[in-house]
Each structure stands twice: as C-alpha cells, then as structure tokens.
1. Picking from W110, W138, W70, which is most flexible by a Gaussian network model of the chain using Cα springs under 10 Å?
2. Classify the chain from the C-alpha gyration tensor, please: rounded if a/c falls under 1.5, else prolate or oblate depending on whether a/b exceeds b/c.
3. Please label the shape of segment 82-149 as rounded, prolate or oblate, based on the square roots a ≥ b ≥ c of the eigenvalues of the alpha-carbon gyration tensor (a/c under 1.5 means rounded; beyond that, a/b larger than b/c means prolate, else oblate).
4. Give me the 1.4 Å probe accessible area per residue for segment 170-229, excluding ligands and nucleic acids, in Å².
5. With the Cα gyration tensor of segment 1-64 giving a ≥ b ≥ c as the square roots of its eigenvalues, does the rule (a/c under 1.5 for rounded; else a/b larger than b/c for prolate; else oblate) give rounded, prolate or oblate?
6. Can you list the lysines whose alpha carbon is less than 28 Å from that of K24, not counting same-chain residues fewer than 8 positions off?
7. Between I149, I134, I170, which gets the highest mean-square fluctuation from a Gaussian network model of the chain, Cα cutoff 10 Å?
8. Might you tell me the accessible area per residue for segment 1-126, computed with a 1.4 Å probe and given in Å²?
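The values are calculated or read from the model by the stated rules, or taken from the named source; none is laboratory data. The structure displayed is predicted, hence computed values, not measured ones. Methodologically, a virtual Cβ is constructed for each residue, glycine included, from the backbone with ideal geometry; neighbour enumeration extends over all protein chains shown. Heavy atoms of the whole protein, side chains included, go into the accessibility calculation; ligands, DNA and RNA do not. Shrake-Rupley method; radii C 1.70, N 1.55, O 1.52, S 1.80 Å.
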Amino acid sequence: MDVKKELFAVLDELPLAGDKKNAKQMSAYMRDQFEFLGIKTPKRRQICREAFKKAARTKQIIWEFVDLCWQKPQREYQYIACDYLVRMKKYTTLADISTLRTLVETKAWWDTIDTLVKVFTELYLRYPLEMSGIMLSWSQDENIWVRRIALEFQLLLKERTDTVLLAQIIENNLGSKEFFINKAIGWALRDHSKTDSDWVARFIHTHRNTLAALSIREGSKYLDKNLKK
C-alpha cells in the first residue's frame, strides 16, 4: 500500500475506535461546538503513528488528505490533520500560507489553533522577514483566530523571540474584550517571562492600564513578586 492510501486508510479505521460515552464527554468539554467519535488523544495518535512515519519520509504534504479531514464532521479528523501538518511542518513553504489560513478560519476553535500555530512557528524560523510582516498584519485581522495565531507563534522560542515584534502584536490587540485574545496575550507574556522576566515586567507595567486583567494575571504568573509591583 502506498503512503497516500495508508493515510486515507487511517480515516476509514477511525470510526471503529470510537466510544459513545467518550464522545459525549468530549463534545461537552468543547461546549458542544463539535461532534466527536470519542477517541482520546493517545489512541488517536497510536492509530496514525505508522502512517505518519511513512508519510514523513516522502517529504511532501498531501493536502488532499488534510482537506478531507477538514470536511469530516467529527472533530478527531481535524485533530489528525493538525497532527499530520505538525509532523510535516518542515516541508511547508510560504506558498502554503493561504491554505493554512483557510484551516485557521474554518471550523476554528482554540484546540485546532493551538496546534496549527506550531506550523507557523516553523515557517517563521525559516522565513523570519516574510513571516514577521505576515504575522504583524494578522495581528490586526478581524478574525480572532487569525489574531491568536499572531499572538502565539513565538511561543517557546526563548532567546530567539523578537520582542519588538511581540510588543507590536500585543499592542495591536490591547483593549480587546475577547477572552481568547486576552488569554493568548497572557500566555505570550508568561512564556517569554521564563527567558526575560525584566522585559515582561516592564511591558506589563507600561501597559497596565490597557492590558486586560486576564492578560496581566497570566503574564505575571512566573514573575518575581518584586517585579509585579
């Protein structure tokens, strides 16, 4: 069986692993936004492991597979597509941005966004100049999930974080009443505080009157108590 057929075979196997009780609980956790088969993450990844391993050797993304996953009603299919793209992220290029944006905007919720963002991080590391411009533009987009990608794409970059860009992106979202935006701002600040707590403390102090309380609470989590004053 070739790689493409193996990937599509995974989709045929998935319903057999479903569990109705799990499905109900998983849907409730996601505020009943999506239908679920009831397959928890460890089992889902076990089902996909061998097919994804073989797919990685091809060094070529099969977008037809991703598209089909996104068309399926049950949420696990989107999770599989996200996991697949993360596995294949080093084979993405700037030419894929439009396609990736469609995924960001379609059937969007925090669960798929916070996995897909890893693909954008990879693209930024390879195309820093181009991606900086794209992410700065996305930080002002009307779509909250597009903005959330812009806020989160530098997570875990540590010393490689562009703090000038991070500040601009956060400042473009100050005053937002959207929970998922203010939470992302807090996460971005909290993550970078592990690398440069002084920078984060100064940023919070400077913008204390315009940062949401949620953002300040999340961003201050790892700061020294003296720095919070």
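1. W110
2. Working: a/c = 2.26, a/b = 1.67, b/c = 1.35.
Note, shape of the chain comes out prolate.
3. In terms of gyration-tensor shape, oblate.
4. With the other protein chains kept in place, segment 170-229 gives 55 Å² per residue.
5. Working: a/c = 2.69, a/b = 2.27, b/c = 1.19.
Judged from the Cα gyration tensor, segment 1-64 comes out prolate (a/c at least 1.5, a/b above b/c).
6. Within the straight-line limit of under 28 Å, K24 reaches these lysines: K40, K43, K72, K107, K183.
7. In this elastic network of the chain, the residue with the biggest mean-square fluctuation among I149, I134, I170 is I134.
8. Value for segment 1-126: 52 Å² per residue.
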